[in-house]
1. Can you tell me which condition A16 does not meet? The list is (1) open to solvent by 40 Å² or more (accessible area, probe 1.4 Å); (2) more than 11 Å from the ligand (Cβ to nearest atom); (3) in contact with a strand residue (DSSP E or B) (Cβ under 6 Å, 6 or more places away or on another chain), and all the others hold.
2. If K11 meets every condition in (1) in a helix (DSSP H, G or I); (2) away from the ligand (no atom under 16 Å from the Cβ) apart from one, which number is that one?
3. Can you find even one residue in the stretch 29-48 that is open to solvent by less than 70 Å² (accessible area, probe 1.4 Å), in contact (Cβ under 8 Å) with a residue 12 or more places away in the chain, of a type in the set (K, R) and within 16 Å of the ligand (Cβ to nearest atom)?
4. If N72 meets every condition in (1) within 14 Å of the ligand (Cβ to nearest atom); (2) open to solvent by 60 Å² or more (accessible area, probe 1.4 Å) apart from one, which number is that one?
5. Which numbered condition trips up C129, out of (1) out of contact with any helix residue (DSSP H, G or I) (no Cβ under 7 Å at 6 or more places or on another chain); (2) closer than 21 Å to L23 by Cα?
6. Residues to consider are R60, R90, R118; find the one that is more than 14 Å from the ligand (Cβ to nearest atom) and in contact with a Phe, Trp or Tyr (Cβ under 6 Å, 6 or more places away or on another chain).
7. Within the stretch 86-103, take every residue that is assigned to a strand (DSSP E or B) and free of Cβ contacts under 8 Å to residues at least 24 places away in the same chain and give me the one that is most open to solvent (accessible area, probe 1.4 Å).
8. Conditions: (1) modelled with pLDDT of 95 or more; (2) surrounded by 14 or more Cβ atoms within 10 Å (Cβ to Cβ). P62 meets all but one. Number of the miss?
Amino acid sequence: MKIHHIGYLAKNMDKAIASFEALGYERETDVVYDSLRDVDIIFLTNDGYRVELVSPKSDRSPVYATLKKLGNAPYHICYCCDDIKAEMERLRDEGYTPAGETEPAVAIGGADVCFMYRRPVGLIELVECRE
Ligand code: NI
């Protein structure tokens, strides 16, 4: 499956952006507030690699506890698919469990995304990639 981005937790968004820019990343988007997940999100790219910085705004955010546990760190890889429902079914058969509902991601143009978990792999995200 083609990789869309690597999701990276950031406690302090401004410091994280500056630090990634110093490593050669460029801003692909502005910082977008996702009210569904209570996080700020920005996409950065470096030589074709795309990183999503995710910064929870409060303890209401579903990733707040993950940030507390992991600190500033990568926590999911997001994969492109054509049909998110079909891909979820296929991955269920591979042993993945859905982590939450399939919901639109405002930071990816409202595309449907879902998270799935399997112990040997950890957390993955699926997004319907439209050309
Ligand atoms: Ni993501």
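The values are calculated or read from the model by the stated rules, or taken from the named source; none is laboratory data. Just so we're clear, the structure is a prediction, and the values are computed from it rather than from any experiment. Cβ coordinates were reconstructed from backbone atoms using ideal geometry, including for glycine residues, and neighbour counts include every protein chain displayed. To get the accessible areas, we keep the full protein, side chains included, count just its heavy atoms, and leave off ligands, DNA and RNA. Shrake-Rupley method; radii C 1.70, N 1.55, O 1.52, S 1.80 Å.
1. (1)
2. With respect to (1) in a helix (DSSP H, G or I); (2) away from the ligand (no atom under 16 Å from the Cβ), K11 is out only on (1).
3. Yes - at least one qualifying residue is present in the stretch 29-48.
4. Unmet condition: (1).
5. C129 satisfies every listed condition except (2).
6. Every option except R118 fails the conditions.
7. Within the stretch 86-103, the match that is most open to solvent (accessible area, probe 1.4 Å) is T97.
8. It fails just one condition, (1).
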